[in-house]
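The structure appears below as structure tokens.
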2 protein chains.
Amino acid sequence: MNKKRTIYNIAKELDLAPGTISKVINNTGNVSDSTRKRVLAYIKKVGYVPNNSARMLKSKRTYTVGIVFTEESDVGLEHSFFSSILQHFKTFVEVQGYELSFIVKKLGQHELSYYEWCMNKRVDGVYIVVGNYDDKGLYELVESSIPAVSTDMLLPKLHTVISDNDQGVKLIFDYIKEELKLKNIAYISGPKSSKAFNERVDAYHKYTQEYQLNQTSEVIYADSFGFTSGYNAVYKLLKKPEQKPELIMVASDDIALGVLKGLSDMHIKVPEDIQVVGFDDIAFSKHFTPSLTTIRQDRKLLGQTAARLLIELMDNPNKDVSEIVKLPVELVIRESTRKK
Amino acid sequence: MNKKRTIYNIAKELDLAPGTISKVINNTGNVSDSTRKRVLAYIKKVGYVPNNSARMLKSKRTYTVGIVFTEESDVGLEHSFFSSILQHFKTFVEVQGYELSFIVKKLGQHELSYYEWCMNKRVDGVYIVVGNYDDKGLYELVESSIPAVSTDMLLPKLHTVISDNDQGVKLIFDYIKEELKLKNIAYISGPKSSKAFNERVDAYHKYTQEYQLNQTSEVIYADSFGFTSGYNAVYKLLKKPEQKPELIMVASDDIALGVLKGLSDMHIKVPEDIQVVGFDDIAFSKHFTPSLTTIRQDRKLLGQTAARLLIELMDNPNKDVSEIVKLPVELVIRESTRKK
DNA sequence: TTGTATGCGTTATCAG
DNA sequence: CTGATAACGCATACAA
């Protein structure tokens, strides 16, 4: 059977001291080239691998980053947009030797705050993939001295990487004005609880004014994040037929796809009767009929940038000025819009 | 500042011995009710929480389960079917006090096998969410004495929870025969590398014979798991127009949605000209136009059952007979099929 | 350059 | 019932 290997018995078998083994493993201190090679070879041969717990107990670094992934009603990992970002974050940090560990509020019987959990596990940093502004525990966590980044929330002392929502909306307006040459538009937003959605609504108001377009109605707020809420929202929007817009901007693709379906059920042709633009470019947007014109967020870049930022923070925790990185977005033109 | 709390200084402040504190935390050994209460109260007051590394170092249990989530080309967490199962698994084990940790092949500079990683981290068990039969490391892991379950692979010594594919296919045939009263059918499978796909093809062959239906052509194998491969596959299937089936069974919804799109592009009406049945019931199947008739896999039950099984295994590692749990599936009828 | 000793925060085994 | 004390496996300052 595989006997338990420690630097101790390895040292004995090699006729060396435990400390020496440790040194070669960590590339630290002085050790002669010959013994280093000898130890390395032996370690590889017997397949020794250091005990993480012991290492973590001794040194301060755990090479673990805690993940906050707020889940609403069992969705969570299932949310393709955020899991995609997390996936890219994950592959990036793993190459640098970090691991992911989900922060969980109750560990067995104990009920822990985020902060307590992090202290307990001694994570080196925290990544808030998706958070909730109502969650008090998040504030405590962010206020602490633990390095933290997010791709979702904007909070003082929190480093955040987000898409440039203003630019995205502007891209749409440029397109409407210069290519589509439309005048009457409407907007369906997601819930007000999301910062990103709010930024987009604000930009929408700003640019309708700036570009002198006509809002056919008040902004409609979908009551959730998904397909069905979009479906309902577009019915609400078009209740009064005289106000029919030429184009509907929608806060996210998930919602926009529901809008498309609703329009189809109302026998309103897209893009002939009404055109639709989304935001995000989720995987399904290009497969839907009609395929959806949208603003593409670079999920890979989002995840990687967050990863890079966090690693930098963990390496030198002194720089504690909050920083907001805005990433450029891109207009993807598909079938749901068309020049007249 | 938050001073670092250990059972040591807590003991001192309470005028007790460290060991005593440990006992009340772990509900072990004998300790008088009064001191137990006193300690508990104090702990809660100062928000003490035990250091995991130390605890893990000392005791054998780590209360961590390693996750194998094989990713092909950066998809991974983004795959809604598997992330959904993982999500349910996660919530279940977390309630029991376990945490998830993704197994990663290279930890920093070192390149580790799954097994080495698990020994290193001393995980209590392993959950293979999605694995690859070509991956030799998986065999080594499964052969070891570490408790392991999967919702994807079938391997000797591995405990597996899967949907009953045979039953699912039979459900479709019953429906075809008794409700739809169709005769000519065809099948589009996913890649042969997947066990689940193979089981479904086998069942398809078995039941076409048993129910005396007519296969209009050989089984077509999509060359990947996604939408596009389904799109291509249906073109290949219908290359020769005289062989048009009345109904196409597809190995998965992801692929089936592509089939639907392909059919639409060929101006073939669903369900009027050809009917389509999928497998899985992914979130989008009910939103597509036409919505997809399919076999629903109970992802929540899959995740939870895997979780329950693994926990049982970790609690008593002696029972090492491999076990396969088959979960029932359900036919969901939507627009892509219709009685004539 | 190499070996030794100590501590990291727990748990567990003994005595008291 | 409670208090010392020895591991757990490693890192590190210090001595050799």
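Values quoted throughout were computed directly from the atomic coordinates according to the rules given, and no laboratory measurement underlies them. Just so we're clear, the structure is a prediction, and the values are computed from it rather than from any experiment. Counting neighbours? That spans all protein chains shown, and the Cβs are built from the backbone with ideal geometry, glycine included.
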Exercise. If you plug each phi of region B:218-229 into the Karplus form 6.51 cos²θ - 1.76 cosθ + 1.60 with θ = phi - 60°, what whole-Hz ³J(HN,Hα) values come out, in order, with x for Gly and Pro?
Worked result: 4, 5, 9, 9, 4, 8, 7, 9, x, 3, 4, 5
Seminar exercise, completed: Semi-axes a, b, c in Å (a largest) for region B:199-340, each sqrt of 5 times a Cα gyration tensor eigenvalue, come to 34, 17, 14
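Report for region B:10-143 the percent antiparallel among DSSP-assigned beta bridges with both residues inside it, nearest 5.
Around 20 percent of the beta bridges assigned by DSSP in region B:10-143 are antiparallel ones.
Can you put A:M266, B:M153 in order, fewest other beta carbons within 10 Å first?
A:M266, B:M153
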Seminar exercise, completed: Going fewest to most other Cβ atoms within 10 Å around each Cβ, A:Y114, A:Y175 line up as A:Y175, A:Y114
Seminar exercise, completed: Between B:S322 and B:Q96, the two model label points (7 Å from Cα along the beta-carbon direction) sit apart by a distance in nm of 2.2
For this session: List A:L327, A:L260, B:L257 from most exposed to least, where exposure is judged by having the fewest other Cβ atoms within 10 Å.
Result: A:L327, B:L257, A:L260
Exercise. Between A:V325 and residues 5 or more places away or on another chain, which pairs have amide H atoms under 5 Å apart, with H built 1.01 Å from N, and which residues are they?
Worked result: A:T160, A:V161, A:I162
For this session: Along Cα-to-Cβ, 7 Å out, sits the label point; list in nm, shortest first, how far the one on A:P191 is from those in the other copies.
Result: 3.7
Exercise. In nanometres, what is the gap between the two model label sites at B:M266 and B:K239, each 7 Å from Cα along Cα-to-Cβ?
Worked result: 1.2
Exercise. What spacing in nm lies between the two simple spin-label points modelled at A:N9 and A:S59, each 7 Å away from Cα in the Cβ direction?
Worked result: 2.4
Seminar exercise, completed: Phi angles of region B:57-69, converted by Karplus (6.51 cos²θ - 1.76 cosθ + 1.60, θ = phi - 60°) into ³J(HN,Hα) in whole Hz with x for Gly and Pro, give 5, 6, 8, 7, 6, 10, 6, 10, 10, x, 10, 9, 9
For this session: Send over the Kirkwood Rh of region A:89-200, from the inverse of the averaged 1/r over different Cα pairs, rounded to one decimal Å.
Result: 16.8
For this session: State which entries of B:K261/B:K326; B:K90/B:K286; A:K244/B:K269; B:K23/B:K44; B:K239/B:K269 exceed 23 angstrom in Cα-Cα distance in the structure shown.
Result: B:K261/B:K326; B:K90/B:K286; A:K244/B:K269
Problem set entry | Helical mean residue ellipticity (222 nm; -39500 (n - 2.57) per DSSP H run of 4+; nearest 500) of chain B | -12500 deg cm²/dmol
Problem set entry | Label distances, nm, B:L327 versus same residue in remaining copies, Cβ-directed 7 Å point | 3.2
Exercise. Each residue of region B:253-265 in order: what ³J(HN,Hα) in whole Hz does its phi give by Karplus 6.51 cos²θ - 1.76 cosθ + 1.60, θ = phi - 60°, with x for Gly and Pro?
Worked result: 5, 3, 6, 4, 5, x, 4, 4, 5, x, 4, 4, 5
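Restricting to chain B, compute how many DSSP beta bridges are antiparallel as a %, nearest 5.
About 15 percent, rounded to the nearest 5.
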For this session: Return the percentage of antiparallel bridges among DSSP beta bridges fully within the protein assembly as shown, rounded to the nearest 5 %.
Result: 15
Exercise. Can you work out the FRET efficiency for the pair A:D273 and B:E312, with r the C-beta to C-beta distance and R0 = 51 Å, to the nearest 0.05?
Worked result: 0.30
Exercise. How long is the gain from A:K340 to A:Q167 if the chain were fully straight, where each residue apart is worth 0.36 nm and the alpha carbon distance is subtracted?
Worked result: 59.8 nm
For this session: Work out which GluC sites (Glu not before Pro) in chain A are exposed loop sites (DSSP not H, G, I, E or B, at most 12 other Cβ within 10 Å) and give the longest gap free of them.
Result: A:73-217
Problem set entry | Cα pair distances of region B:98-157 binned at 5 Å [whole percent] | 4, 18, 32, 27, 15, 3, 0
Exercise. If you bin every alpha carbon distance in the protein assembly as shown into 20 Å steps from zero, what whole percent lands in each bin?
Worked result: 16, 43, 32, 9, 0
Seminar exercise, completed: Note: A:280-292 gets an average of partner chain Cβ contacts (10 Å, Cβ to Cβ) equal to 3
For this session: Could you list the square roots of 5 times each eigenvalue of the Cα gyration tensor of region B:7-51, that is, the equivalent ellipsoid semi-axes, sorted largest first and rounded to whole Å?
Result: 14, 11, 11
Exercise. Any idea what the relative contact order of region B:9-135 is, in percent, if you count C-alpha pairs under 8 Å spaced at least 6 apart?
Worked result: 28
Seminar exercise, completed: With T = 10 °C, eta = 1.306 mPa s and Kirkwood Rh from C-alpha pairs, the Stokes-Einstein D of chain A in µm²/s is about 69
Exercise. Which net charge results for the neighbourhood of A:Q212, defined as the other residues with beta-carbon distances under 15 angstrom from its beta-carbon, given Lys and Arg at +1 and Asp and Glu at -1?
Worked result: +1
